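This report refers to the structure that appears directly beneath it.
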Amino acid sequence: MRAVRYTGPGAPAEVIEWVEVAAPVPADDEVLVRVAAVGLNPVDVKIRAAAADFGPIEYSPLPGWDVAGEVAAVGSAVTSLAVGDAVFGLARFPRAAHTLAELVAVPAADLAKAPTSWKVEQQGAAPLAVLTAWHAFDAAGLVGDAAGKRVLVLGGAGGVGHLAVQLAKARGAHVIATASPAKHAVLAGLGADETIDYRDDAALAALAPVDVVLSTVGDGVPPLGAVREGTAIVTITGFPDGAVEELRGAGATGVERIMVTADGPALAEVAALADAGRLTVLVDATFPFDEIVAAQERVETGRVTGKVVVTLP
């Protein structure tokens, strides 16, 4: 089968190549997926550029974690899925998974049946981003019915951010999101109750206190006026030196950085929300498998609204 391989650290055009490798054989608890779509994430380009582990995230010259496709074979212990099922998942993360290939073996526990209301590009785009938002809100205690809660999403138009806006809204929260003005209408369409220009210091300073903050942008620190006693703050990128102490001094609790992990059961709940019309995925751009270089270059611009996806025949 064909697969993408990195020859070492460097720019996409310098180190990406296509190779023929042996097709994987699923273990007893795995399924073989015929890959149709793979979402690209900032971590994909960061780990390629370094050709080394990215914290606990395992580097491999055979890349890819997000996946959507059709089950081609199942291991002897798998009962939850069958040949022909349309599935999506975040394979093995943070271990290497090799989803940028025509076939991939994935633990059945990492997969869920794909939402029938989503195109395959959306199915492939969603897993890492939506699970990041899901786990972040779990860490912040925003679970179940969150009616009356105020949630601030910093970076609301990005891959994680636009899904976080919808998840918070689906849980009943009042959602405020930051983004450039050109993206405010998009966020309002996704359910954001308020939108703020991330460069408007006056508007940010005037923001009333919130119950939960999710920061999806590098060094994105919430304004102190939005923090009160008990505000839960979660970041997926980390905060600059001194920011955590300052936020805790303002009353925030549970200031923490989270990292997503593979989670098939959560994706089954995501699929239910999608098919109920309460969650969608914005696809910024779609590239065929042979244009993976251009796809990674698009991610590296940092100006993506939603997700970048690679599709296979």
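The values are calculated or read from the model by the stated rules, or taken from the named source; none is laboratory data. What you see is a predicted model, and the numbers here were worked out from it, not measured in a lab. For neighbour counting, all protein chains shown are included, and Cβ atoms are generated from backbone atoms with ideal geometry for every residue, glycine included.
Numbers at a glance
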quantity	calculated
Matching entry among Ala179, Ala208, Ala170 (being modelled with pLDDT of 95 or more and crowded, with 18+ Cβ neighbours inside 10 Å)	Ala179
Helices (runs of 4 or more DSSP H) wholly inside segment 208-313 that include at least 2 residues being touching a Phe, Trp or Tyr at 6+ places or on another chain (Cβ under 8 Å)	264-275, 292-300
Pair list, Cβ under 6 Å, 6 or more apart: segment 194-217 residue free of Cβ contacts under 8 Å to residues at least 24 places away in the same chain, other residue assigned to a helix (DSSP H, G or I) and not small (Gly, Ala, Ser)	Asp197/Pro181
Criterion: in contact with a helix residue (DSSP H, G or I) (Cβ under 9 Å, 6 or more places away or on another chain), aliphatic (A, V, I, L, M) and under 29 Å from Gly64 (Cα atoms) - qualifying residue of Leu273, Leu204, Leu224	Leu273
